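Okay, so here's the structure we're looking at.
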Amino acid sequence: MQKKWKLAVGSLAAASLLLTGCGDKLGTKEDKASGGQIRVVTTFYPMYEFTKQVGGDFVDATLLVPGGTEPHDWEPTAKDVARIADADLFVYNGAGFEGWVEDVLHNLEGAKVKPVEASAGIELIEGGHDHDEHEGEKKEEEHKEGEHKEEAHGEKGAHDPHVWTDPVLVQKEVENIAAALAELDQARAAEYKKNADAYLAKLKALDEKYKAELASSKSKEFVTAHESFAYLAKRYGLTQEPISGLSPEQEPSAAQMAEIVAWAKEHQVKTIFFETLVSPKVAEAVAREMGAKTAVLNPLEGLTEEEQAKGLDYIGVMEQNLEALKKALNE
Amino acid sequence: MLEMFQYGFLQNAFLAGIMIALVAPVIGVYLVLRRQSLMAETLSHVSLAGVAVGALLGLYPMLTAMVAALIGAVFVDTLRRSFKAYSELSIAILMSGGLASAVVLMSLNKGVSRSFTSYLFGSIIAVSETDLYVMGGVVALVGLFFWFLWRPMYVLTFDEETAQVSGVPVKLLSVSFSLLAGLVVAVSMPIIGVLLVSSLMTLPASIALRVSRGFAMTIFVAVLVGLTSVLGGLSASYALDIPPGGTIVLLLLAILVVTLIVKRIVSMIQARVGAEQDAENGNGVVRTLGER
């Protein structure tokens, strides 16, 4: 009778050996550094784009969040974390956007990878839009004073991390990335500086274009799918009314929906914006409710395969956004 | 294969996995034998509410999960007594209650923090040293509990009435066991996820009950199956870049299917051989614990 369970245990052992066996082959296929390039792992699209722009051919940049995936709810697999650990540089936006970064970095203490928080040094604004108040300016002032107190209450991550939607603030992100690359690879510091300056000039031109073309718009209010354009709105004197919260996951309650519709009617908003990476059903519901149109305003949290195929990049999408905004605000 | 152990975070994940695999199947065997296999499921939903409270108040989530699971365990036991005829009702009530409070509490948290889905399906990338110490504590507690209370738990599990008559404090023991189950669920949940935590308890138990004779051996086989699935599952999950929780459970199911098939074949052969042997020495059919 002993045989009976020995057989069972034996088959278990065999099964596990088989499985770990397959694992071995696949595991060693890991790509290793090539040609003196700096290996940079980046979290989501703008980080990848900025790193490529500054690093050029000297960096081997990897994008963690795959194209077409909404990064808010994305979490790395164990292999992704191993990729981070093996890289030279790890570029993330920070400000609480990639909620998992803190834990992962804590676990990677002692690894050689150097983390770069691209949003470091940027003054963040308070997020978690409150639908009851719309006097954005006044509220902001109050928040500046109350900030520390609120943080003590553990309101972690209530800062708005979407700094990359502002063509001016991203310049700081590009500078941060360039500084980190130059520090790591001092021999090519001049190259990185040159690339960064060239890209910064393009971003400045983008800012000028936004300033010039939005200055004359008839209305100043626009409705976005989630709270991702606060920095852009602030920069160009517009008012953003988001449908969902800081993350597209945070869908509005029925009462909030009613308020948004009322607000949009009051301000005669004719276009409700939605995003390429999030289901447009909530934006469509709002638009239907008030007989408005829908259009895309891309918060650049990732590019779809279609957008990639068209060869769009950060500046290209930002220009599309400008067109969409101009159209919506001048109706 | 060994190259993956150079990463500290994976070492942590494996340590955590081993600790869970040591205790969860043991609790599972008792749960299955006491007709409470769904209790782990309930407790994991309740501890999710605890995690939500922790995230909201900025407390250590494993701690709040443990508190919630302990409260849940007491409720399971009390409700089980008040709905005596429908004892599974307590499970249904608490499961929906736990999930409902978790969803509402999570929505109150405005910031962008660790996502809901990572708790539903588990995450092995961020096991901290504190987590490991807490788990170690729970493992030690489970060890002590069964070391000292092996006999009374055995009697309680197989015959509650006899236990009562022979002076075992049935109520106290039953509640303490539920509390212990709650602790194990709460520490396993962040790693293998709410939806999968109960499978790591009940699947090894069901496999072990199929192949083992005798109680001690059932426990031993269950732990062995648990360890195999967790270590195999974590390795496969890393190598193939697939989610760990699901991989572990699929591996367990595969083991279960293989066991059932092998057992069927073995018993077919045995029936043939046994018929001849029976004729010789009159030995009856051998029964396993699972066939009781």
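The values are calculated or read from the model by the stated rules, or taken from the named source; none is laboratory data. Quick caveat: nothing in here was measured; it's all calculated off a predicted structure. Here the Cβ is made from the backbone with ideal geometry for all residues, glycine too, and neighbour counts use every protein chain on show.
Residue-level check: of (1) in contact with a helix residue (DSSP H, G or I) (Cβ under 7 Å, 6 or more places away or on another chain); (2) at pLDDT below 90; (3) surrounded by fewer than 18 Cβ atoms within 10 Å (Cβ to Cβ), residue A:305 misses just (1). Determine whether residue B:218 is farther than 30 Å from residue B:78 by Cβ and polar (S, T, N, Q). Spelling it out, it is not the case that residue B:218 is farther than 30 Å from residue B:78 by Cβ and polar (S, T, N, Q). If you go through region B:234-243 and pick out every residue that is touching a Ser or Thr at 6+ places or on another chain (Cβ under 6 Å) and either outside any helix (DSSP H, G or I) or more than 7 Å from chain A (Cβ to nearest Cβ) (or both), you end up with 1. Anything in region B:251-276 that is surrounded by fewer than 16 Cβ atoms within 10 Å (Cβ to Cβ), aliphatic (A, V, I, L, M) and free of Cβ contacts under 8 Å to residues at least 24 places away in the same chain? List them, or say none. Within region B:251-276, B:254, B:257, B:261, B:265, B:268, B:269, B:271, B:273, B:275 meet the criteria.
Scan region B:163-179 and tell me whether some residue there is among the small types (Gly, Ala, Ser) and either within 14 Å of chain A (Cβ to nearest Cβ) or touching a Phe, Trp or Tyr at 6+ places or on another chain (Cβ under 6 Å) (or both). Full working, then the answer.
Applying the first criterion (among the small types (Gly, Ala, Ser)) to region B:163-179 yields B:163, B:166-167, B:174, B:176, B:178.
With the extra rule that they be either within 14 Å of chain A (Cβ to nearest Cβ) or touching a Phe, Trp or Tyr at 6+ places or on another chain (Cβ under 6 Å) (or both), the set shrinks to none.
Looking through region B:163-179, none of the residues is among the small types (Gly, Ala, Ser) and either within 14 Å of chain A (Cβ to nearest Cβ) or touching a Phe, Trp or Tyr at 6+ places or on another chain (Cβ under 6 Å) (or both).
Checking residue A:260 against (1) outside any helix (DSSP H, G or I); (2) surrounded by 20 or more Cβ atoms within 10 Å (Cβ to Cβ), only one condition comes out false. Which one? So residue A:260 meets the others, but not (1).
The conditions of being buried (at least 19 other Cβ atoms within 10 Å of the Cβ), free of Cβ contacts under 8 Å to residues at least 40 places away in the same chain and under 23 Å from residue A:173 (Cβ atoms) are not met by residue A:102. Tallying residues that are under 19 Å from residue A:242 (Cβ atoms) and among the acidic types (Asp, Glu) within region A:282-328 yields 3. Where helices (runs of 4 or more DSSP H) sit wholly within region B:112-169, those with at least 1 residues that are closer than 18 Å to residue B:59 by Cα occupy B:116-121, B:129-158.
Of the residues screened, residue A:145 is not one that is farther than 30 Å from residue B:241 by Cα, modelled with pLDDT of 90 or more and not β-branched (Val, Ile, Thr).
Per the listing B:137, B:214, the residue uniquely within 30 Å of residue B:56 (Cα to Cα), surrounded by fewer than 20 Cβ atoms within 10 Å (Cβ to Cβ) and of a type in the set (Gly, Ala, Ser) is B:137.
Identify, from the list B:121, B:83, B:146, B:158, the residue that is surrounded by fewer than 20 Cβ atoms within 10 Å (Cβ to Cβ) and closer than 30 Å to residue B:242 by Cα.
Working: B:83 fails: closer than 30 Å to residue B:242 by Cα; B:146 fails: closer than 30 Å to residue B:242 by Cα; B:158 fails: closer than 30 Å to residue B:242 by Cα.
Selected residue: B:121, the only one of B:121, B:83, B:146, B:158 that is surrounded by fewer than 20 Cβ atoms within 10 Å (Cβ to Cβ) and closer than 30 Å to residue B:242 by Cα.
Of all residues in region B:213-225, those satisfying the criterion of being over 14 Å from residue B:259 (Cα atoms) and more than 11 Å from chain A (Cβ to nearest Cβ) are B:215, B:216, B:219, B:223.
Here is a list: B:216, B:181. Which entry is aliphatic (A, V, I, L, M) and either under 27 Å from residue B:65 (Cα atoms) or not in a helix (DSSP H, G or I) (or both)? B:181 is the lone residue from the list that is aliphatic (A, V, I, L, M) and either under 27 Å from residue B:65 (Cα atoms) or not in a helix (DSSP H, G or I) (or both). Scanning region A:82-108 for residues that are within 22 Å of residue A:167 (Cα to Cα) and within 14 Å of chain B (Cβ to nearest Cβ) gives A:92, A:93, A:94, A:95, A:96, A:97, A:98.
Looking across region A:65-81 at every residue that is of a type in the set (A, V, I, L, M) and in contact (Cβ under 8 Å) with a residue 24 or more places away in the chain, the one that is nearest to the other protein chains (Cβ to nearest Cβ) is identified as A:81. Is it fair to say residue A:220 is touching a residue at least 60 places away in the same chain (Cβ under 8 Å), loosely packed, with under 15 Cβ neighbours inside 10 Å and among the charged types (D, E, K, R)? So residue A:220 fits the description; yes.
Of note, residue B:215 does not satisfy the criterion of being within 24 Å of residue B:39 (Cβ to Cβ) and free of Cβ contacts under 8 Å to residues at least 40 places away in the same chain.
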